[in-house]
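Participant: Sharing a structure, written as C-alpha cells. Questions coming.
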Amino acid sequence: MAQDLKLEIFRITIKERHSRDDKILSFSKLFDKLETDDKENKFHQFLQDFIKFFDDKFQINKQKTKGISHNSDMKHSIRSTKNIIDFEFVGGNTGSEQGVYAIENSKIQVDTINGDKIVSMPFYVKLWLPNDYTAGILMIQSYTDYTISRFAKAILQKFFAKYGVTLNIYTFIPKKNKDEFLSKSQVYELQVIKDRITKGKRHLINPIFTDFEKLKVTLSVTNFREPAKTFLNKLLGKRKKNENLIGSDLSDFDIIEREDYDMKIFYIDPKGRKANINISNPDEIKPTIFLDDDIKEIGSEHFNFEKIKEHTDGILEQIKKEIGYAI
C-alpha cells in the first residue's frame, strides 16, 4: 500500500522553567542562553547541542515501543536569517522481535529483527524560532501508517528543558487547510463514541459485558455522502456549544447529555485520501493535512528533503500572514 505523506503543524511558545510566572518569552531569550553572540553561530550551536543530545543513539519512549534519533550524518539545514531549522528524525518501532519475509514466499524467513533493534523510517521536522516574536511553529511529517509525532514532541520538550525553558506545544491548522476541507471534502461516515459505561448498562447490553469496566461502544452511521461544509452546517447548525447532537434515545448506552460522548466524522478528499476528525468541539475542527506525492523521492514512499523543505516554507509564509507576524 502506498503511504500518503501527512503534516502536523503546531504553534509553540516558551517560558522559564520552574517559574511561577507564566509569562511567555521571546525566542531571543532561548538563544541568549547560548555561548555566542553571532546569530548564525547561535543556530549552529543549537543544532550541535541537539545532535549531542542523542549522542548517536536512539531515544526510546517510556513504553519502549518507539525510538528516534538525529545525528550529524542525517539531513539538516540552518537558515538563521529566516529563523528556520529543518532536519530529519530517523525512527520507528522497537521492543519486539519481528520476522522478515519476501512478499512472494511466506514459508522462508529471510531475516529477523530483534527486540533491541529499530525498524526505522525518515521523518521531516521544521522549526521556526523567531527571535523577535513570542510564538514559533513546529511541523512534523508522518505517513499513513507511521507517525512519531507524540514522541518527537516529548523529545523536543526534553531538549528545550536543558536551556531552562518549558516548551509548550499547541495544534495549529492554517485557515487555508480548514477552508479546503470544508469546500472540497466529502463526509461518508459519522461515529458516536462512548467510553466508560456503567455496570448496569453493560449488563443491559449483554451480561457477558458486565465486568468489563473499560467497555467502549461505537455507533457508526454509514452509506451516505455529503459535502463537508453542508454536512457540518446541518449537523451543528446554530446549536449551542453543549447542545446534544443526537435526537435518538441512546440512554441504554449511558448517552444522554452532549458531554457523554465523542463524535467523529470520516471524510475523503478530492484525491481519494481518507481521514477522520473529532468534532466534539465544533470550534476546533482539525482536518488532516496531506502532502502531494510530488514531494516524494522518485521511486520511494519517503520525502525528498529539499522538496518538502521548500513546500513547508510556503506553508510557513502563509501562517506568518495569518498570525500577523511582521516580516
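Participant: Quick one: Karplus J couplings for region 91-101, per residue in order, coefficients 6.51, -1.76, 1.60, θ = phi - 60°, nearest Hz, x for Gly and Pro?
Facilitator: Per-residue couplings from phi come out as x, x, 8, 8, x, 9, 6, 10, x, 10, 10 Hz.
Participant: So, one more: Quick one: Karplus J couplings for region 142-151, per residue in order, coefficients 6.51, -1.76, 1.60, θ = phi - 60°, nearest Hz, x for Gly and Pro?
Facilitator: Working through the residues one at a time gives 9, 10, 3, 10, 9, 8, 10, 4, 4, 5 Hz.
Participant: Also, quick follow-up: Return the Cα extents of region 42-170 along principal axes one, two and three, sorted largest first, each rounded to a whole Å.
Facilitator: If we take the Cα atoms of region 42-170, the spans are 61, 27, 26 Å.
Participant: Excluding residues on the same chain fewer than 8 positions from Lys214, give the lysines whose Cα lies under 16 Å from its Cα.
Facilitator: Counting by Cα, and skipping residues close in sequence, Lys214 has these lysines nearby: Lys194, Lys199, Lys201.
Participant: With θ set to phi - 60°, apply the Karplus curve 6.51 cos²θ - 1.76 cosθ + 1.60 along region 116-133 and write out the HN-Hα couplings as whole Hz, x wherever there is a Gly or Pro.
Facilitator: 9, 10, 10, 8, 10, 9, x, 10, 8, 9, 10, 10, 10, 10, x, 7, 10, 8
Participant: Let me ask something additional. Pick from Asn244, Asn61, Asn93: which is most flexible by mean-square fluctuation in a GNM of the chain where alpha carbon atoms under 10 Å apart are linked?
Facilitator: Among Asn244, Asn61, Asn93, the largest mean-square fluctuation in the Gaussian network model of the chain belongs to Asn244.
Participant: Amide H neighbours of Lys296 under 5 Å, counting only residues 5+ apart in sequence or on other chains, H built in-plane at 1.01 Å?
Facilitator: HN-HN under 5 Å from Lys296: Asn304.
Participant: So if each residue of separation counts as 0.36 nm, and I subtract the Cα-Cα distance between Asn223 and Ala326, what length gain in nm does that give?
Facilitator: 32.3 nm
Participant: Build a GNM of the chain with springs between Cα atoms under 10 Å: which of Ile78, Ile103, Ile295 gets the top mean-square fluctuation?
Facilitator: Fluctuation is largest for Ile103.
Participant: Next question, about the same structure. Pick out which of Ile308, Ile84, Ile285 has the largest mean-square fluctuation in a Gaussian network model of the chain, springs linking Cα atoms closer than 10 Å.
Facilitator: Sorting by GNM fluctuation, first place goes to Ile285.
Participant: With an 8 Å Cα cut-off and a minimum separation of 6 or more residues, compute the relative contact order for the chain in percent.
Facilitator: Relative contact order of the chain: 19 percent.
Participant: What is the spin-label model distance, in nm, from Gln63 to Asp262 if the labels are put 7 Å beyond Cα along the C-beta direction?
Facilitator: Reported label-point gap for Gln63 and Asp262 is 1.4 nm.
Participant: Let me check I've understood the local charge: for Lys39, count other residues with C-beta under 12 angstrom from its C-beta, Lys and Arg +1, Asp and Glu -1. What total comes out?
Facilitator: Taking every Cβ under 12 Å from that of Lys39, the sum is -2.
Participant: Would you kindly state how much longer the chain becomes between Ala102 and Glu16 on full extension, computed as 0.36 nm times their sequence separation minus their alpha carbon distance, in nm to one decimal?
Facilitator: 25.7 nm
Participant: DSSP loop (so not H, G, I, E, B), at most 15 other Cβ within 10 Å: list which trypsin sites (Lys or Arg not before Pro) in region 194-238 pass both filters.
Facilitator: Arg196, Lys214, Arg225, Lys238
Participant: Also: For a quick check: with amide H placed at 1.01 Å from N, whose amide H comes under 5 Å from Asn278's, ignoring anything fewer than 5 positions away on the same chain?
Facilitator: HN-HN under 5 Å from Asn278: Lys286.
Participant: Just the Cα atoms of region 178-279, one point each, no solvent: what log10 I(q)/I(0) does Debye give at q = 0.10 Å⁻¹?
Facilitator: These q points yield log10 I(q)/I(0) values of -0.34.
Participant: Tell me the label-point distance for the pair Lys175, Ser149, using the 7 Å Cα-to-Cβ offset, in nm and rounded to one decimal.
Facilitator: 2.3 nm
Participant: Something else: Multiplying the sequence separation of Phe53 and Lys117 by 0.36 nm and subtracting their Cα-Cα distance, what value in nm do you get?
Facilitator: 21.1 nm
Participant: Rounded to two decimals, what ratio of Rg to Rh does the chain give with C-alpha atoms and a Kirkwood Rh?
Facilitator: 1.01
Participant: Let me ask you something else. Please go through the residue pairs Lys29/Lys66; Lys216/Lys274; Lys66/Lys296; Lys29/Lys320 and name each one whose alpha carbons sit more than 27 Å apart in this structure.
Facilitator: Lys29/Lys66
Read-outs throughout are calculated quantities, based only on the coordinates presented, and are distinct from any laboratory measurement. Keep in mind it's a predicted model, so treat the numbers as computed, not measured. Glycine gets a Cβ as well: all are built from the backbone with ideal geometry, and neighbour counts include every protein chain shown.
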